[in-house]
Amino acid sequence: MSDIIDHAGITVTDFDASLKFYTAALGTLGIKALANFEYEGDRHAGFGATKPDFWIGTSPNRTSGVHLA
């Protein structure tokens, strides 16, 4: 991403639809899903060219949110 921001993530409510959307949309830019896993009931996927820079994930405690690190 940049020297200041390592990665970004957003919370999604429909993981399967979001995974399909971002896989297609980011795929046109040469970005692909590099990680896809479930942890403690939450689902996550990380997209990037060489490392996951953009993440999507579910959380039963949140319906929206953005994470920058």
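The values are calculated or read from the model by the stated rules, or taken from the named source; none is laboratory data. Only a predicted model underlies this, so the values are computations on that prediction, with no experimental measurement involved. No Cβ is skipped: glycine too gets one built from the backbone with ideal geometry, and neighbour counts run over all protein chains shown. Note: areas computed on protein heavy atoms with side chains; ligands, DNA, RNA excluded. Shrake-Rupley method; radii C 1.70, N 1.55, O 1.52, S 1.80 Å.
What are the residue pairs meeting all of these: first residue in the range 1-20, first residue within 16 Å of Glu38 (Cβ to Cβ) and free of Cβ contacts under 8 Å to residues at least 40 places away in the same chain, second residue part of a loop (DSSP other than H, G, I, E, B) and open to solvent by less than 80 Å² (accessible area, probe 1.4 Å), Cβ atoms under 6 Å, and 6 or more apart or on different chains?
That search, which allows pairs on different chains as well, returns Ser18/Val12.
I'm trying to understand the selection: among the residues of the range 21-46, which are among the charged types (D, E, K, R) and without any contact (Cβ under 8 Å) to a residue 12 or more places away in the chain? Talk me through it step by step, then tell me what you get.
Looking only at the range 21-46, we keep the residues that are among the charged types (D, E, K, R), and these are 32, 38, 40, 42-43.
Passing the criteria: Glu38, Glu40.
Considering the range 21-49 alone, what residues qualify as being hydroxyl-bearing (Ser, Thr, Tyr) and modelled with pLDDT of 95 or more? Walk me through it before giving the result.
Let us first name the residues in the range 21-49 that are hydroxyl-bearing (Ser, Thr, Tyr), namely 22-23, 28, 39.
Selection gives Tyr22, Thr23, Thr28.
Among the strands (runs of 3 or more DSSP E) contained in the chain, which hold 1 or more residues that are open to solvent by less than 70 Å² (accessible area, probe 1.4 Å) and touching a Leu at 6+ places or on another chain (Cβ under 6 Å)?
Working: elements: 8-11, 32-39, 42-48, 54-57, 66-68.
Output list reads 8-11, 42-48.
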